[in-house]
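Beneath this line is the structure, given in structure tokens, with notes to follow.
Each reported figure results from applying straightforward, stated rules to the coordinates on display, with no laboratory input. For clarity, every value in this text was computed on a predicted model and none was experimentally measured. Counting neighbours? That spans all protein chains shown, and the Cβs are built from the backbone with ideal geometry, glycine included.
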Amino acid sequence: MIDKREVLRLVAKRNADGKSTSYHSVVDELWLSDEAACEHLKRLWQQRLIKPTEAREPGSEYSLVPGESIRELRFRLSERGGKRLKHWKREERREAEEGWRW
């Protein structure tokens, strides 16, 4: 099962390579259905972890406008998304050092 960390890591990797990420990129690279890829991107966008590459109208920075589809947008990592990835990496390192236990 693919979680939001994996999708966010993909966006960050593509961002570092100078590429934006579309739902199609997520489908191709993570082997998700079109619907699942779109839902992951919507959630990450709503949580402000990614942002569209195109300028948005005020009030639609973090959501679709009527008649718009997530399939039309391309995304890049937001500053908040970068911070979240760093946080997760620190947590994973700490857990590895302490050893995972019940």
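Below are the figures for this structure:
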{"item": "Those residues of the stretch 71-102 whose amide nitrogen sits under 14 Å from the label point placed on Tyr62, 7 Å along Cα→Cβ", "result": "78-81"}
{"item": "Tilt relative to the chain, helix 34-46 - C-alpha long axis, 0 to 90 degrees, to 10", "result": "80 degrees"}
{"item": "Coil-residue trypsin sites (Lys or Arg not before Pro) of the stretch 1-31, DSSP, other Cβ within 10 Å capped at 15", "result": "Lys19"}
{"item": "Pairs of lysine residues in the chain - Cα separation under 15 Å, sequence separation of 8 or more or cross-chain", "result": "13"}
{"item": "Where GluC sites (Glu not before Pro) fall in DSSP loop in the stretch 66-102, at most 15 other Cβ within 10 Å", "result": "Glu68"}
{"item": "For the stretch 57-62, 3J(HN,Hα) per residue [Karplus equation, 6.51 cos²θ - 1.76 cosθ + 1.60, θ = phi - 60°, Hz, x = Gly/Pro]", "result": "5, x, x, 10, 5, 10"}
{"item": "Total formal charge among the other residues, if their Cβ is under 13 angstrom from that of Gly18, Lys/Arg +1 and Asp/Glu -1", "result": "+4"}
{"item": "Whole-Hz ³J(HN,Hα) from phi, Karplus 6.51 cos²θ - 1.76 cosθ + 1.60, for the stretch 12-27, glycine and proline x", "result": "5, 4, 5, 4, 5, 7, x, 10, 8, 10, 10, 4, 5, 4, 5, 4"}
{"item": "Chain lengthening between Arg48 and Asp34 when straightened (0.36 nm per residue, less Cα-Cα)", "result": "2.9 nm"}
{"item": "Total charge dipole magnitude, the chain, about the Cα centre, Cβ charges on Lys, Arg, Asp, Glu only, Debye to nearest 20", "result": "520 debye"}
{"item": "Percent breakdown of C-alpha pair distances by 10 Å bin, ordered from the shortest bin, for the stretch 1-73", "result": "19, 57, 23, 1"}
